[in-house]
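Structure first, commentary second.
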Amino acid sequence: MPLVKNGRITTDLFVHVAEGAELPGDGAVLISAARFLEDPEAILKRAGKTGVIWPNSRAVDDLVPYLDRLAAVALVFPTFRDGRAYSQARLLRERHGYDGELRATGQVLRDQFVFMSRAGFDAFEVKKDADAEAFAETVKRYSVFYQPTGDGRVTALNRRMQLRHSESAGQ
Amino acid sequence: MYAYDELDRTLINERVSEFRDQVKRRLSGELTEDEFKMLRLQNGVYLQLHAYMFRVAIPYGTLSSKQLRRLAHVARRYDRGYGHFTTRQNIQFNWIKLAELPDALAELAEVGIHAMQTSGNNMRNVTSDQWAGVAPGEVEDPRIWSEILRQHTTLHPEFSFLPRKFKIAITASEHDRAAIKIHDIGLRLHKNADGETGFEVLVGGGLGRTPFIAKTIKPFVHGRDILSYVEAILRVYNQYGRRDNIYKARIKILVHELGIEKFAREVDEEWRQMGHSALTLDHSVIEEVRSRFSYPAYEKLPHMPDELKQAAHDPLFERWRKNSVAPHKVQGYSIVTLSLKPVGGPPGDATADQMDAIADLADKYSFGEIRVGHEQNLALPHVAKRDLPQLWKALDRLGLATPNVNLVTDIIACPGLDYCSLANARSIPIAQELTRRFANHDTADMIGRLHINISGCINACGHHHVGHIGILGVEKNGEEFYQITIGGRADENAQMGVLIGPAVPYAEVADVIEDIVEAYLALRDRPEELFVDTVKRLGVEPFKERVYATR
């Protein structure tokens with residue numbers, strides 16, 4: 001499954017550690033929420049970055065105390081129809097100020113890239129190679145946005161207001 | 001009318017180009033049907049019994065004559081020459097080809113029409129009072145708020161994959177023509193004690209297999225906070241709404257399972273944490289949207305012009321006028337309802353030729369504006385009273401002057417088994433038969449306001465639960481049967497109808513409805529007592545007795 005980060009297909013530096021498997025002494029790891037919460041302090045003391053895979057059925061509140069020490073949070077789309085992770089992403093970015101890697105995993109298709117990037121995702125484990133290759137053109141599909149989100153894009157309402165001000169200033 | 005600007009047009013065009021690519025990938029096999037299904041639904045494309053069905057949005061029910069002509073063109077060029085107006089301010093085309101859909105969408109986009117989110121598990125087309133902006137006594141034009149919500153809910157990056165579909169309706173009048181109590185969120189615009197404009201917010205209404213009347217979650221939310229409050233509701237629903245069972249995924253089930261108090265606390269907590277957010281609408285933003293609605297340059301006209309006085313001698317004109325013409329907030333003008341319920345016709349259908357002709361009449365008599373209501377009728381919202389006789393003659397020639405608005409033959413019906421892959425029974429032939437039974441206008445007039453609603457299955461697209469008489473098609477051993485409810489209503493006093501007894505076979509439905517109506521005529525305590533009020537006074541028993549005593 002190709003990983004798109006910063007708009008490019010890239011090598012995944014995180015090692016997915018299976019349930020029950022021993023954690024490597026160093027290097028970046030991606031582990032389950034359950035495993036992380038068993039002993040978060042011990043895991044965070046390891047040499048190497050920590051990323052947590054957070055299920056979409058659990059409030060992100062439990063993750064909040066550790067956010068500033070996490071290198072990645074992976075949110076899950078068990079099917080592309082299940083949109084709970086969009087809310088989780090916005091809460092992590094906009095309410096809790098999380099600024100590390102926010103990764104979309106599971107059923108991730110090109111048709112969701114715009115929604116995901118607007119909700120705050122910056123890394124995508126894309127299901128199909130062709131979709132990953134089409135990332136750059138697909139994510140730019142829209143130039144007009146109606147809703148304000150943490151991505152900072154200027155909304156249509158605000159662009160109209162700016163337009164109006166510049167028109168009246170020019171008169 | 002609301003004028004789309006360059007930004008709105010750009011977004012619609014970007015959507016068309018995205019969908020063109022999605023259709024191409026589906027046709028090449030790059031997308032599986034399962035993957036494509038969600039994408040086509042988000043663009044209003046269903047796979048029905050015989051063909052693809054294409055549902056186009058008419059936000060808050062307002063159309064320009066230019067837009068209606070384009071819909072006529074799509075009906076003619078891409079379909080079989082007609083369209084079907086639905087209970088949610090949409091128009092559906094039943095015989096569209098998938099490969100041609102992107103072209104049809106592109107042609108609609110040229111006049112600012114789209115099909116975004118007319119289906120799928122996202123926020124659907126925002127609906128409102130079809131008399132918005134012209135109804136006497138409304139608080140203000142609810143379409144300003146409908147448009148703000150339309151924009152906000154279009155391609156929302158957080159709520160495009162909700163547990164289920166989500167419907168918002170807005171009214172600003174005391175008499176609710178938008179049926180807000182049977183929507184996921186109902187908004188009632190009103191002024192508080194300080195004269196500020198805001199909304200009573202209702203939540204959790206809906207029909208289908210588990211019908212609920214919406215409950216008030218907050219009596220007053222200030223206009224500037226309406227987006228953040230709606231967003232708080234949606235965020236709670238997105239996180240906690242059930243996804244294990246599509247029949248239990250609507251917000252009405254979440255509200256019911258938690259109880260409105262607990263649900264309201266969750267929403268309030270979310271809203272509090274959102275704080276003063278980017279969603280707060282400042283005054284200038286609201287005024288910017290308001291400024292893009294234009295209103296006709298009305299003339300100063302007499303209340304009772306000579307043309308109307310003369311025409312009043314014609315009993316046929318008078319019958320139509322009394323039935324189809326409603327008061328307007330501007331003196332000398334009227335709101336005219338065009339019945340899409342001719343005797344023997346499928347409710348809500350209009351041919352391409354009719355649509356073109358209505359567009360011409362709108363240009364001539366209604367400042368180029370047309371409205372679509374949830375009763376599946378159209379309206380011309382700004383007709384000078386002096387023009388009513390001429391307009392009536394023109395409508396009559398087009399078969400659009402049936403004087404049955406709100407009467408027993410003004411039937412709301414879903415497409416049923418003739419088109420729909422979900423249906424268990426036919427709806428349209430039942431409606432057609434009933435319009436023939438009650439074709440006599442004097443009888444219909446004597447019966448008075450009586451709403452019959454027909455659904456071909458439990459999904460309730462014909463809103464049968466809230467019909468004064470509701471007819472629900474069910475299937476028993478391969479045959480079509482119909483459950484009859486009475487006493488429902490969809491207005492400000494909305495309530496569900498009550499079942500009168502065992503389902504009856506297809507062939508007996510019209511007889512049963514006649515029995516119910518006859519019972520009402522015998523039971524009402526005065527001619528002004530409406531059917532639904534008689535049912536309220538007496539309950540279902542006397543009707544049940546009349547229907548089943550001889551069966």
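For the stretch B:115-125, putting each phi into the Karplus relation 6.51 cos²θ - 1.76 cosθ + 1.60 with θ = phi - 60° gives couplings of 10, 4, 6, 7, 8, x, 8, 9, 7, 7, 2 Hz, in residue order, rounded to whole numbers and with x for Gly and Pro. Here's the list of aspartates and glutamates a cross-link from B:Lys215 could span, going by alpha-carbon distance under 13 Å and ignoring same-chain residues fewer than 8 apart: B:Asp184, B:Glu200, B:Glu261, B:Glu492.
Shape class for chain B: rounded, because the ratio a/c of the largest to smallest gyration tensor axis (alpha-carbon atoms, square roots of eigenvalues) is under 1.5.
Derived scalar couplings between HN and Hα for the stretch B:35-42 equal 5, 6, 3, 4, 6, 6, 4, 5 Hz in order, rounded to whole Hz, by the Karplus curve 6.51 cos²θ - 1.76 cosθ + 1.60 (θ = phi - 60°), x for Gly and Pro. Around the amide H of B:Ile454, modelled in the peptide plane, lie the amide H atoms of B:Ile412, B:Ala413, B:Cys414, B:Ile471, all under 5 Å away and 5 or more residues distant in sequence or on another chain. Across the stretch A:151-160, rounded Karplus estimates of 3J(HN,Hα) from the backbone phi angles (6.51 cos²θ - 1.76 cosθ + 1.60, θ = phi - 60°) give 6, x, 5, 6, 7, 4, 4, 5, 5, 5 Hz, Gly and Pro being marked x.
Shown here for the stretch B:156-202: GluC sites (Glu not before Pro) in loop regions (DSSP other than H, G, I, E, B) with at most 15 other Cβ atoms within 10 Å, namely B:Glu174, B:Glu196. Over the stretch A:3-142, accessible surface divided per residue gives 42 Å², non-protein components excluded, 1.4 Å probe. Which of the three applies to the protein assembly as shown, rounded, prolate or oblate, going by the alpha-carbon gyration tensor with a ≥ b ≥ c and a/c under 1.5 meaning rounded? Verdict is prolate for the protein assembly as shown.
Shape class for the stretch B:306-398: prolate, because the ratio a/c of the largest to smallest gyration tensor axis (alpha-carbon atoms, square roots of eigenvalues) is 1.5 or more and a/b beats b/c. No disulfide-compatible partner, judged by a Cβ distance under 4.7 Å, exists for the following cysteines of chain B: B:Cys420, B:Cys457. Close amide H contacts of B:Leu47 (hydrogens built in the peptide plane, cut-off under 5 Å, sequence separation of 5 or more or a different chain): B:Met53. Residues of the stretch A:134-171 whose accessible area, computed with a 1.4 Å probe over protein heavy atoms, drops by at least 50 Å² once all protein chains are present relative to their chain alone are A:Arg141, A:Tyr142, A:Val144, A:Tyr146, A:Gln147, A:Pro148, A:Leu157, A:Arg160, A:Met161, A:Arg164.
Summing charges over all other residues whose Cβ lies under 12 Å from the Cβ of A:Met1, with Lys and Arg as +1 and Asp and Glu as -1, gives -1.
Bridging of B:Lys37 to lysines at a Cα separation below 29 Å is possible for A:Lys5, A:Lys127, A:Lys128, A:Lys140, B:Lys24, B:Lys97, B:Lys165, B:Lys167, B:Lys248, B:Lys252, once same-chain residues fewer than 8 apart are set aside.
In the stretch B:1-47, comparing the full protein assembly with the chain on its own, the residues that lose 50 Å² or more of accessible surface at a 1.4 Å probe are B:Leu7, B:Leu11, B:Glu14, B:Glu18, B:Arg25, B:Glu35, B:Met38. For the protein assembly as shown, the fraction of 1.4 Å probe accessible surface lying on carbon and sulfur atoms is 50 percent. Heavy atoms of chains B and A lose about 4000 Å² of accessible surface on contact, summed over both sides with a 1.4 Å probe.
The values are calculated or read from the model by the stated rules, or taken from the named source; none is laboratory data. Since this is a predicted model, take the numbers as computed values, not measurements. Quick reminder, even Gly has a Cβ in these numbers, built from the backbone with ideal geometry, and neighbours come from all protein chains shown. To get the accessible areas, we keep the full protein, side chains included, count just its heavy atoms, and leave off ligands, DNA and RNA. Shrake-Rupley method; radii C 1.70, N 1.55, O 1.52, S 1.80 Å.
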